[in-house]
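> Got a structure for you, questions after.
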């Protein structure tokens, strides 16, 4: 459990709402996932969409990650500018402007990307400099999320053959990211969902093999399913939220009903701004400070145990007190665990990272607005 204290002297001069990271819990999470991957002989390519921070990406690389996954071209550009290697763009791109930016990156950086349609391959080919490095291309598979990806294994074979026949490109494997499985709370249900995903990928791999095509990389999985996806099929894990955890992942059950083996490290620091109503008070952290596509904060530091949070608008959050509890003083600070970490990070320009000695250092959040 975090040892963060909202009354830490170094936090008192920070304007709120602010994104605060327990630096020690963060380091333990990075080490725990790295040790897990090493023990199970599987590669890590953590997702930058969670943190949007080259500095955090570098910490993950130093712990043994083979590279970094990126959800947007802007994230990939920010990581490349910081010298991060092993970048994979996990979202198929159809926008010609973005494809041109990918082609520009390929001139100077070893990158990989996913596709799910022949037109993406053909357009990118027209934009690539003939002297560029070879671009590693993976095929995105729809594993049940019904968002992006190829559905039929025969289409996967056709795309793989097209990639291999296109100058400047090389077929590197397949991707199967199951966002719909990561957040299933029940352990056995999540385990069954992950097995179904691997079965779909195995079907595509089998048809590729029958066509004489090897898929060196099988990438995907995530924080919620990684414990199951070491069983086979995947060669690397695109984990992300393990870094911070949040109110959503905090609900997930590991085997036997235990929580996942990672600690909450990401919080929103807020100030108590109104105490005039009996039984509740207001803080300055609403929907502009925390994503509301997840459960409300389940862990709040600096408030009486048993208090509950509800959104009160753009700038406000309301905290209801348990019966008989006294409200914090006006102007005091509270720490709210992130609701959904990825979009919450995207709302802030920087992290306030608390070190082991109580000091605080600001780390920028990059690529917040770029696509």
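The values are calculated or read from the model by the stated rules, or taken from the named source; none is laboratory data. All values reported here derive from a predicted model rather than from experimental measurement. Note: ideal-geometry Cβ built from the backbone for every residue, glycine included; neighbour counts use all protein chains shown.
> Taking helices (runs of 4 or more DSSP H) that do not extend beyond the range 28-109, which have at least 3 residues that are farther than 20 Å from residue 234 by Cβ?
Result: 54-62, 73-81, 96-106.
> Next question, about the same structure. Among the residues of the range 118-141, write down those that are free of Cβ contacts under 8 Å to residues at least 40 places away in the same chain and in a loop (DSSP other than H, G, I, E, B).
129, 130, 131, 132, 133, 134
> Report those strands (runs of 3 or more DSSP E) wholly inside the range 305-371 carrying at least 2 residues which are within 15 Å of residue 286 (Cβ to Cβ), at pLDDT 95 or above and touching a strand residue (DSSP E or B) at 6+ places or on another chain (Cβ under 6 Å).
308-311, 317-320, 333-337
> Counting only residues that are surrounded by 23 or more Cβ atoms within 10 Å (Cβ to Cβ) and at pLDDT 95 or above, how many does the range 117-134 have?
0
> Inspect all residues belonging to the range 25-35 and state whether any of them is touching a residue at least 12 places away in the same chain (Cβ under 8 Å), farther than 25 Å from residue 354 by Cβ, touching a strand residue (DSSP E or B) at 6+ places or on another chain (Cβ under 9 Å) and outside the structural domain of residue 299 (by TED's automatic domain parsing).
No, because not a single residue in the range 25-35 is touching a residue at least 12 places away in the same chain (Cβ under 8 Å), farther than 25 Å from residue 354 by Cβ, touching a strand residue (DSSP E or B) at 6+ places or on another chain (Cβ under 9 Å) and outside the structural domain of residue 299 (by TED's automatic domain parsing).
Results for (1) closer than 21 Å to residue 370 by Cα; (2) touching a helix residue (DSSP H, G or I) at 6+ places or on another chain (Cβ under 8 Å), shown as yes or no for each residue.
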{"site": "19", "(1), (2)": "yes, yes"}
{"site": "32", "(1), (2)": "no, yes"}
{"site": "38", "(1), (2)": "no, no"}
{"site": "52", "(1), (2)": "yes, yes"}
{"site": "71", "(1), (2)": "yes, yes"}
{"site": "96", "(1), (2)": "yes, yes"}
{"site": "102", "(1), (2)": "yes, yes"}
{"site": "127", "(1), (2)": "yes, yes"}
